[in-house]
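Chemist: Handing you this structure, nothing more for now.
Derivation of every value follows stated rules applied to the coordinates shown; laboratory data play no part. Fair warning: this is a prediction, and the values are worked out from it, not measured in the lab. Methodologically, a virtual Cβ is constructed for each residue, glycine included, from the backbone with ideal geometry; neighbour enumeration extends over all protein chains shown.
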Amino acid sequence: MMLTIGGNMLKDHGRRAGRQKVVPLDDGVGVEDRSGDPHELMEAGEAEAQLVAGLKVLPHLQREVFLLRAQQGFEYDEIAAALATTAGAARVHYHHAVKRLKELIR
């Protein structure tokens, strides 16, 4: 059953990848725009560093839900299936993750 769910999620991800742009959050690649004002580049780098640091302090489930939703574009029901939880719980975890990240980044 888990292989079927995983296969379906992979197919859905492939479909979504064609219509969404995914911004990676690892190793400083993706968030920075290398063309433009040096001040803006510095601010983008600082914001990315704060986001990465904030992700490290989030509880595991909140971090996973946030990344699946924000980075991969998964719907709550897909997140729930992937993490063996409910769609409602995934919404709550995402809400708490966003709230905590906002507090940490300010």
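Chemist: Pick from the stretch 73-82 the residues that are surrounded by fewer than 17 Cβ atoms within 10 Å (Cβ to Cβ) and under 15 Å from the mean Cα position of the chain (by Cα): which of them is farthest from ALA44 (Cα to Cα)?
Modeler: Looking at the filtered set, the residue picked out is GLU75.
Chemist: Ok, one more. Looking only at the stretch 44-72, count how many residues are free of Cβ contacts under 8 Å to residues at least 40 places away in the same chain and surrounded by 12 or more Cβ atoms within 10 Å (Cβ to Cβ).
Modeler: Within the stretch 44-72, residues that are free of Cβ contacts under 8 Å to residues at least 40 places away in the same chain and surrounded by 12 or more Cβ atoms within 10 Å (Cβ to Cβ) number 15.
Chemist: Let me ask something else about it. What are the residues in the stretch 74-106 that are in contact (Cβ under 8 Å) with a residue 24 or more places away in the chain and hydrophobic (A, V, I, L, M, F, W, C), if any?
Modeler: Within the stretch 74-106, PHE74, ALA81, ALA82, ALA90, ALA97, VAL98, LEU101, LEU104, ILE105 qualify.
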